[in-house]
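Following: one structure in structure tokens, then a few remarks.
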Amino acid sequence: MWITGPSRSGKTSRLIQGFEQWLNPGLPQRGAIPTNIPPITPAVLILTANTGNQRDLSDRFLLEVGCRDPLVFKTPSGFIIDEVFLFWPLIFQALQLKAQFPLRLRPETEQELATTLWREALDDLGLDTAGVMEYRFVRDTLDLLQLAGAGGFAPAEIAPRLMQGLAGDTWETQPEMSEKRGDLLHHWQQWCLERGLLSYGLIYDLYGRYLLGDRHYQHQLQRRYRGIFADDVDDYPALMADFLQTALTAAIPCVVTFNPNGQNRLGLNADPQALAQIQGAFAQTETLPTPSGMGETLAPMLIQLLAAPAQLLPLPPEVELLQIRRGEEETEFLPISRAALLRATAERIIKAVQQEGIAPGQIAVIGPGLDAIARYTLMEILKKQDIAVEPLNEQRPLITSPLVRALLTLLTLVYPGLGPLIDRDRLGEMLVVLSHPQPGQIPPTAIDPVRAGLLSDHCYHFHRDHPRLLPVTDYPRWDRFGHQVVTAYDGIRRWIEAKTQYIEQADLRPPPPPVVLNEAIEHFFGKTRTLSYGELAVLRGLMETAQHFWEVDSRLRQNEGAQRSPLETLSQFIQLLRRGTITANAYPAHREKGENAVLLATIYQYRNLRRSHPWHFWLDVGSNLWQSGGAADLFAHQCFLRESPRRPWTLEEATERQTAKLSRILADLTARIEKRLILCHSELAVNGMEQRGPLSPLIDAAFLE
């Protein structure tokens with residue numbers, strides 16, 4: 001069954017209903033299930049667009065559906081990764097590779113390895129002369145492999161498609177550069193496969209070219225899954241269209257939902273048109289009506305305003321333009337600066353909660369881009385009024401956490417040869433963070449920043465190979481530190497000396513840094529303090545990153561020998577983290593759904609969330625970023641769509657696609673508003689320029705009475 005419907009039309013509910021109808025009618029659909037009925041061995045595969053939707057849908061199935069079948073919940077990328085790893089023997093036999101278990105590369109490790117592998121070629125390209133960042137060039141090139149794999153195209157087609165689909169006189173669109181990218185990716189692909197290293201792009205390519213068409217795999221697919229239910233396939237890569245087509249050919253029942261106003265991942269690796277083209281393969285199709293509500297009337301009006309901005313129409317009373325008063329004046333004005341806009345937005349939320357009886361959980365603040373300053377400003381103002389705030393999936397570099405910075409500095413003192421990576425500021429911060437907390441005191445740590453600075457200035461011996469902390473008595477006025485500081489400092493120094501001595505004695509097999517990191521976390525954080533959920537998430541991210549980094553290093557040593565020393569590996573790891581390449585969610589989504597908190601999200605994040613709120617605040621309505629939907633498209637993504645014309649887009653085609661994308665964004669967002677929309681706009685952007693973006697006609701229309 002193919003189910004089509006706009007946002008909030010009940011597609012997911014219809015999917016669950018279709019699942020219940022598909023079950024054996026002899027089985028009870030709710031309540032207790034008789035124990036004399038044996039479980040069915042084949043599972044039911046349930047696909048969702050992202051992990052957040054996966055959690056929500058699994059909860060709904062658990063609450064609403066009674067089923068003896070094993071239910072397997074996956075995202076498209078998660079499913080493809082698992083299939084490649086599970087059926088790896090079929091792949092390495094087809095490619096005649098070395099029989100070794102594959103190791104998946106994380107994006108930051110992929111970036112580092114590719115940069116090292118391509119070093120000579122990158123130097124020859126003269127990126128600095130062309131004004132191109134090396135990091136950006138490598139990232140864009142690696143993303144091409146993912147785009148090609150997700151689209152079902154062989155790596156050999158990358159260069160021809162780039163030369164046919166890119167236009168312009170810029171350095172990166174030249175045919176010679178497209179050919180060079182293809183050569184680099186071919187070298188990268190062969191290098192990774194020989195070592196059993198798999199990036200996302202390679203996994204997509206292997207699944208599409210070597211696994212999906214294999215008759216043994218297709219036979220196992222039919223045995224393993226007795227049904228497939230896929231929600232929001234408009235956000236799936238084209239490779240999943242081939243998968244669903246294969247499942248239908250194998251007579252596996254499939255039920256999917258498609259949102260024509262979705263397509264949120266178009267420009268990343270999704271291909272909605274490729275999925276839409278397989279609709280004819282389904283025996284039954286169903287179209288759900290547009291739900292009643294604000295979206296039904298507001299979306300056409302907003303789209304009409306954008307299409308004909310000269311013909312202004314007054315907005316309905318449910319739409320409000322945020323304005324402020326200056327001093328004692330009665331007249332209201334638009335905020336001029338973005339700082340004034342953020343404060344006015346927070347004050348309007350406070351008024352809605354405290355005076356109009358709106359619960360914080362009924363409010364969503366959505367913008368094309370929420371920078372750290374905007375998040376911090378809104379969160380601090382609202383928290384002072386006891387209004388909880390939930391920033392959605394905010395990613396911050398791990399190095400922004402003082403816990404991570406302290407642990408990295410600790411490693412430079414434990415392992416020899418890392419003296420150049422230490423400075424006194426980092427050392428002082430480490431002493432503050434690692435000192436045992438003292439509840440009820442201000443500051444709550446045993447070593448305050450002032451005394452930590454004195455200790456790092458007078459009790460640290462710099463040495464390139466063997467830096468160390470000196471006894472506190474080396475400072476002439478050490479008695480002024482106090483017993484609490486001296487005890488905490490000596491505890492840190494003794495722990496470092498013990499670990500350093502152990503590593504020097506175990507010269508042949510010293511403990512790897514992930515082991516030392518784990519012991520440090522247990523010693524300094526596990527017993528003496530209660531960490532917040534966000535701090536635990538950061539430490540978990542650090543340990544996962546370290547474990548992965550040394551797994552890759554071990555694999556490279558197995559295949560190539562010791563080309564670099566363990567010291568160089570550790571130094572590279574520390575510098576990688578300090579560059580801010582690796583991120584973690586500063587506020588993990590651990591709240592219960594019923595928790596009452598204002599939601600902060602970008603357009604892209606909110607559309608991925610697929611929820612609705614009674615009140616919407618649209619930030620920076622005049623910004624040009626609304627055209628992109630809050631997410632930047634991948635380089636040359638249009639070249640790897642199934643419907644790509646194999647030529648550069650004309651100006652008219654590009655404009656038409658941008659207009660269609662903005663219309664989908666408005667239709668999707670307005671369908672998720674239940675009661676009120678508040679437009680938040682400042683006359684000047686952060687850079688001081690006037691804001692006249694694609695939604696500016698809405699601001700003009702809001703002034704009409």
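The values are calculated or read from the model by the stated rules, or taken from the named source; none is laboratory data. Please read all numbers here as calculations on a predicted model, not as lab measurements. So basically every Cβ, Gly included, is an ideal-geometry build from the backbone, and we count neighbours across all protein chains shown.
Taking strands (runs of 3 or more DSSP E) that do not extend beyond segment 1-78, which have at least 2 residues that are in contact with a Pro (Cβ under 9 Å, 6 or more places away or on another chain), outside the structural domain of Arg672 (by TED's automatic domain parsing) and modelled with pLDDT of 80 or more? Please lay out each step first, then the result.
Values: elements: 2-4, 43-47, 71-74.
Counting at least 2 such residues, we get 43-47.
Condition first: at pLDDT 95 or above, part of a helix (DSSP H, G or I) and either within 20 Å of Leu609 (Cβ to Cβ) or of a type outside the set (A, V, I, L, M) (or both). Now tell me which residues in segment 222-245 satisfy that.
Listed by number, the residues that qualify are Val233, Asp234, Asp235, Asp242, Phe243, Gln245.
Quick grid of which residues meet (1) on the phi > 0 side of the Ramachandran plot; (2) modelled with pLDDT under 90; (3) not hydroxyl-bearing (Ser, Thr, Tyr):
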residue	(1), (2), (3)
Asn264	no, no, yes
Asn269	no, no, yes
Ala276	no, no, yes
Ala283	no, no, yes
Gly293	yes, yes, yes
Glu296	no, yes, yes
Pro314	no, yes, yes
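Conditions first: (1) touching a residue at least 40 places away in the same chain (Cβ under 8 Å); (2) touching a helix residue (DSSP H, G or I) at 6+ places or on another chain (Cβ under 6 Å); (3) surrounded by fewer than 15 Cβ atoms within 10 Å (Cβ to Cβ); (4) among the aliphatic types (A, V, I, L, M). Leu302 passes all but one, so which condition is the exception?
Checking Leu302 against (1) touching a residue at least 40 places away in the same chain (Cβ under 8 Å); (2) touching a helix residue (DSSP H, G or I) at 6+ places or on another chain (Cβ under 6 Å); (3) surrounded by fewer than 15 Cβ atoms within 10 Å (Cβ to Cβ); (4) among the aliphatic types (A, V, I, L, M), the one that fails is (3).
Please go through (1) touching a Cys at 6+ places or on another chain (Cβ under 9 Å); (2) in contact (Cβ under 8 Å) with a residue 24 or more places away in the chain for Pro471 and return the number of the only condition it doesn't satisfy.
Going through (1) touching a Cys at 6+ places or on another chain (Cβ under 9 Å); (2) in contact (Cβ under 8 Å) with a residue 24 or more places away in the chain one by one, Pro471 breaks only (2).
Find the residue count for segment 632-646, including only residues that are crowded, with 20+ Cβ neighbours inside 10 Å and small (Gly, Ala, Ser).
Here the count works out to 1.
Among the numbered criteria (1) surrounded by fewer than 17 Cβ atoms within 10 Å (Cβ to Cβ); (2) touching a residue at least 12 places away in the same chain (Cβ under 8 Å); (3) closer than 17 Å to Leu411 by Cα, which single criterion is violated by Lys499?
(1)
Could you check segment 68-123 and list, in sequence order, the residues that are crowded, with 18+ Cβ neighbours inside 10 Å and touching a His at 6+ places or on another chain (Cβ under 7 Å)?
Residue satisfying the conditions is Thr109 alone.
Among the residues of segment 142-201 satisfying the criterion of being farther than 26 Å from Gly126 by Cβ and aromatic (Phe, Trp, Tyr), which is farthest from the chain's Cα centre (by Cα)?
Among those residues, the one meeting the criterion is Phe153.
So Gly361 fits all but one of (1) closer than 19 Å to Arg610 by Cβ; (2) of a type outside the set (Ser, Thr, Tyr); (3) in a helix (DSSP H, G or I); (4) under 22 Å from the mean Cα position of the chain (by Cα); what number is the exception?
(4)
Yes/no matrix, rows are residues, columns are (1) of a type in the set (Val, Ile, Thr); (2) in contact with a Pro (Cβ under 9 Å, 6 or more places away or on another chain):
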| residue | (1), (2) |
| --- | --- |
| Ile492 | yes, no |
| Ile521 | yes, no |
| Lys527 | no, no |
| Ser532 | no, no |
| Gln547 | no, yes |
| Trp550 | no, yes |
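Given the options Ala114, Ala159, Ala94, Ala121, name the one that is among the small types (Gly, Ala, Ser) and either closer than 19 Å to Glu643 by Cα or outside any helix (DSSP H, G or I) (or both).
On the way: Ala114 fails: either closer than 19 Å to Glu643 by Cα or outside any helix (DSSP H, G or I) (or both); Ala94 fails: either closer than 19 Å to Glu643 by Cα or outside any helix (DSSP H, G or I) (or both); Ala121 fails: either closer than 19 Å to Glu643 by Cα or outside any helix (DSSP H, G or I) (or both).
One residue alone meets the criteria, Ala159.
Kindly indicate which of Thr246, Thr285, Thr257 is under 30 Å from Phe79 (Cα atoms) and exposed (fewer than 13 other Cβ atoms within 10 Å of the Cβ).
Thr285
What is the residue count in segment 478-489 for residues that are assigned to a helix (DSSP H, G or I) and in contact (Cβ under 8 Å) with a residue 12 or more places away in the chain?
Selection size over segment 478-489: 6.
Among the candidates Ile447, Ile496, Ile492, Ile503, which residue alone is among the aliphatic types (A, V, I, L, M) and assigned to a loop (DSSP other than H, G, I, E, B)?
Numbers: Ile496 fails: assigned to a loop (DSSP other than H, G, I, E, B); Ile492 fails: assigned to a loop (DSSP other than H, G, I, E, B); Ile503 fails: assigned to a loop (DSSP other than H, G, I, E, B).
Just a single option satisfies the conditions, and that option is Ile447.
Of the residues Leu455, Leu531, which is within 17 Å of Ala406 (Cα to Cα), of a type in the set (A, V, I, L, M, F, W, C) and in a helix (DSSP H, G or I)?
After ruling out the rest, the residue left standing is Leu455.
What are the residues in segment 124-156 that are of a type in the set (A, V, I, L, M, F, W, C) and not in a helix (DSSP H, G or I), if any?
Within segment 124-156, Val132, Met133, Phe153, Ala154 qualify.
Scan segment 643-653 and give yes if some residue there is among the polar types (S, T, N, Q), in a loop (DSSP other than H, G, I, E, B) and out of contact with any Pro (no Cβ under 8 Å at 6 or more places or on another chain), otherwise no.
Looking for residues that are among the polar types (S, T, N, Q), in a loop (DSSP other than H, G, I, E, B) and out of contact with any Pro (no Cβ under 8 Å at 6 or more places or on another chain), one finds at least one in segment 643-653, hence yes.
Under 7 Å by Cβ, and 6 or more places apart or on different chains, what pairs join a residue from segment 163-186 that is more than 20 Å from Met133 (Cβ to Cβ) with one that is of a type in the set (S, T, N, Q) and modelled with pLDDT under 90?
Hits for this filter: Gly165/Ser644; Ala167/Thr173.
List, please: which pairs have Cβ atoms under 9 Å, are six or more places apart or on different chains, and start with a residue in segment 66-77 that is closer than 16 Å to Leu221 by Cβ and end with one that is among the polar types (S, T, N, Q) and assigned to a loop (DSSP other than H, G, I, E, B)?
Pro70/Thr41; Lys74/Thr48; Pro76/Thr48
Starting from residues that are of a type in the set (A, V, I, L, M, F, W, C), out of contact with any strand residue (DSSP E or B) (no Cβ under 8 Å at 6 or more places or on another chain) and assigned to a helix (DSSP H, G or I), keep the ones in segment 192-221 and report whichever is surrounded by the most Cβ atoms within 10 Å (Cβ to Cβ).
Filtering segment 192-221 for residues that are of a type in the set (A, V, I, L, M, F, W, C), out of contact with any strand residue (DSSP E or B) (no Cβ under 8 Å at 6 or more places or on another chain) and assigned to a helix (DSSP H, G or I), the one surrounded by the most Cβ atoms within 10 Å (Cβ to Cβ) comes out as Leu202.
Tell me, please, whether a residue that is closer than 27 Å to Ala631 by Cα, touching a residue at least 60 places away in the same chain (Cβ under 8 Å) and of a type in the set (S, T, N, Q) can be found in segment 348-368.
yes
Mind telling me which of the residues Leu434, Leu454, Leu411 ends up being among the hydrophobic types (A, V, I, L, M, F, W, C), under 25 Å from Pro566 (Cα atoms) and either in contact with a helix residue (DSSP H, G or I) (Cβ under 9 Å, 6 or more places away or on another chain) or modelled with pLDDT of 90 or more (or both)?
Leu411
Could you grab me the full set of residues in segment 187-199 that are touching a residue at least 40 places away in the same chain (Cβ under 8 Å) and within 19 Å of Asp553 (Cα to Cα)?
Trp188, Gln189, Trp191, Cys192, Leu193, Glu194, Arg195, Gly196, Leu197, Leu198, Ser199
Inspect all residues belonging to segment 474-492 and state whether any of them is among the hydroxyl-bearing types (Ser, Thr, Tyr), assigned by TED's automatic domain parsing to the domain that holds Ile521 and either touching a Gly at 6+ places or on another chain (Cβ under 7 Å) or closer than 23 Å to Ile521 by Cβ (or both).
Yes, segment 474-492 has at least one match.
Mind listing whichever residues of segment 650-705 are without any contact (Cβ under 8 Å) to a residue 12 or more places away in the chain and either crowded, with 16+ Cβ neighbours inside 10 Å or on the phi > 0 side of the Ramachandran plot (or both)?
Listed by number, the list holds a single entry, Gly688.
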